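The values are calculated or read from the model by the stated rules, or taken from the named source; none is laboratory data. Just so it is clear, the model here is predicted, and its values are computed rather than measured. Because the Cβ atoms are built from the backbone with ideal geometry, glycine has one as well, and the counts that use them run over all protein chains shown.
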Amino acid sequence: MPLEPLSQKDIEERLAELPGWSLEGDRIARSYRLGSHFAAAALVMHIAQVQDELDHHSDLTLGYHSVSLTVNTHSVGGAVTEKDFELARRVEELASGHGAS
Ligand SMILES: C[C@H](O)[C@H](O)[C@H]1CNC2=NC(N)=NC(=O)C2=N1
């Protein structure tokens, strides 16, 4: 199925199921806190693995005790699509396993 930009309503409905995620301009975004810098780096590596698996890649930033990501879909001109939410849901699952909050 070809990717299509989601409407504002579609985005809001999906964000309501993903606490901590928000719309920042034309991207969906989330930041996580971790217990140490190394724990944050480990989460970055795990997210990178999932991103390669999905062939969909966020802008991913490692902070001191934090990991932040924002994502949209380049192939539709930088709009938010279902693929961005697929990545967000996968990241949510693995982040809780890393003790991220
Ligand atoms: C060729 C490859 O499938 C594309 O470049 C993929 C890779 N990762 C991507 N990531 C994101 N965020 N948007 C894309 O459109 C995208 N396209």
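Give the number of residues within the stretch 59-96 that are surrounded by 15 or more Cβ atoms within 10 Å (Cβ to Cβ) and within 11 Å of the ligand (Cβ to nearest atom).
Residues meeting the conditions: 13.
Across the stretch 40-58, what is the total count of residues that are closer than 23 Å to S7 by Cβ and surrounded by 16 or more Cβ atoms within 10 Å (Cβ to Cβ)? First the steps, then the outcome.
Taking the stretch 40-58 first, the residues closer than 23 Å to S7 by Cβ are 54, 56, 58.
Those left that are additionally surrounded by 16 or more Cβ atoms within 10 Å (Cβ to Cβ): 56, 58.
Of the residues in the stretch 40-58, 2 are closer than 23 Å to S7 by Cβ and surrounded by 16 or more Cβ atoms within 10 Å (Cβ to Cβ).
Taking the stretch 1-39 only, how many residues are of a type in the set (D, E), surrounded by 13 or more Cβ atoms within 10 Å (Cβ to Cβ) and either without any contact (Cβ under 8 Å) to a residue 12 or more places away in the chain or more than 15 Å from the ligand (Cβ to nearest atom) (or both)? Even if it seems obvious, please write down each step before you answer.
First pass over the stretch 1-39, keeping only residues of a type in the set (D, E): 4, 10, 12-13, 17, 24, 26.
Checking which are surrounded by 13 or more Cβ atoms within 10 Å (Cβ to Cβ) leaves us with 10, 26.
Among the residues that remain, those that are also either without any contact (Cβ under 8 Å) to a residue 12 or more places away in the chain or more than 15 Å from the ligand (Cβ to nearest atom) (or both) are: 10.
Residues that pass the stated criteria total 1.
Among the candidates L43, L69, L23, which residue alone is at pLDDT 95 or above, in contact with a strand residue (DSSP E or B) (Cβ under 6 Å, 6 or more places away or on another chain), hydrophobic (A, V, I, L, M, F, W, C) and assigned to a strand (DSSP E or B)?
Sole residue among the options that is at pLDDT 95 or above, in contact with a strand residue (DSSP E or B) (Cβ under 6 Å, 6 or more places away or on another chain), hydrophobic (A, V, I, L, M, F, W, C) and assigned to a strand (DSSP E or B): L69.
Could you run through the stretch 72-98 and say how many residues are within 15 Å of W21 (Cβ to Cβ), part of a helix (DSSP H, G or I) and of a type in the set (S, T, Y)?
Total satisfying the criteria: 1.
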